[in-house]
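These notes concern the structure reproduced below.
A short reminder: the numbers here are calculations on the coordinates, not readings from a lab. The model shown is predicted, which means the values in this text are computed figures rather than measured ones. Neighbour counts are summed over all protein chains in view; Cβ atoms, including those assigned to glycine, are modelled from backbone coordinates with ideal geometry.
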Amino acid sequence: MLPKANPAKLNHLQLRTLTLLQVIARLPNAAVQRPDGHVEIKKLPEAHGNHFHLGDAMVNGADATGLHIEAVWNALARKGLAEADYPHHLALTPDGLAYDTGDTKAILHQGDH
């Protein structure tokens with residue numbers, strides 16, 4: 001049997017935010033792996049006009065609004081995908097790191113701008 005798509009029933013904003021947090025968790029100097037398997041997000045990206053960069057990808061600012069919304073952080077924590085104390089502390093749990101958020105091409109744009 002195939003795994004259920006979006007088993008935590010995240011809404012569109014929560015899925016986009018989790019996608020971005022998963023990318024941020026893999027960036028050097030943006031996150032730290034903890035012994036308990038969580039990844040502590042140390043730095044959220046800063047906008048550059050109407051977008052920002054995550055590694056070699058560009059993200060439209062409109063796709064990243066959830067990074068700065070307390071209710072989104074709380075929803076991810078409530079569903080066991082993150083540990084959150086808005087706006088001071090955010091860490092992805094192992095479940096949050098492994099969660100399949102679907103196709104990221106609509107959010108993460110590769111190439112020059």
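In the chain, helical runs assigned H by DSSP with n ≥ 4 each contribute -39500 (n - 2.57); averaged across all residues and rounded to the nearest 500, the mean residue ellipticity at 222 nm is -7000 deg cm²/dmol.
Note on Arg78 and Asp95: the model spin-label points, each 7 Å out from Cα along the C-beta direction, lie 1.4 nm apart. Given the alternatives [x] 18.3, 64; [y] 13.5, 45; [z] 13.7, 43, Rg and Dmax of the Cα atoms in Å as computed for this entry is given by [y].
Within the same chain, lysines fewer than 8 places from Lys4 are excluded, and of the rest, those with a Cα less than 26 Å from its Cα are Lys79, Lys105. Among Val23, Val39, Val72, the largest mean-square fluctuation in a Gaussian network model of the chain, built with springs joining Cα atoms closer than 10 Å, belongs to Val23. With just the Cα atoms defining each centre, how far is segment 8-30 from segment 62-95? Give it in Å. For segment 8-30 versus segment 62-95, the Cα centre distance is 9 Å.
Take every pair of alpha-carbon atoms less than 8 Å apart whose residues are at least six positions apart; their mean separation over the length of the chain yields a relative contact order of 28 percent. With a cut-off of 14 Å between beta carbons, the residues surrounding Asn74 carry a summed charge of -1, where Lys and Arg count +1 and Asp and Glu -1. Model label points for Lys42 and Asp85, set 7 angstrom from Cα along the Cα-to-Cβ axis, are 1.8 nm apart. Cβ-to-Cβ counts within 10 Å put Val59, Val32 in ascending order as Val32, Val59, the fewest first. Of the candidates Leu13, Leu92, Leu76, which one comes out as most mobile in a Gaussian network treatment of the chain with C-alpha springs shorter than 10 Å? It is Leu13.
Between the beta carbons of Leu13 and His109, assuming R0 = 22 Å, the FRET efficiency works out to 0.75 to the nearest 0.05.
Computed from backbone phi, the HN-Hα couplings of segment 47-61 come to 5, 10, x, 9, 8, 8, 10, 10, x, 8, 9, 10, 10, 5, x Hz, rounded to whole numbers (Karplus: 6.51 cos²θ - 1.76 cosθ + 1.60, θ = phi - 60°; Gly and Pro given as x). For segment 91-101, backbone phi angles converted through the Karplus equation (6.51, -1.76, 1.60; θ = phi - 60°) give residue-by-residue couplings of 9, 7, 7, x, 5, x, 5, 8, 4, 7, 8 Hz, Gly and Pro being listed as x.
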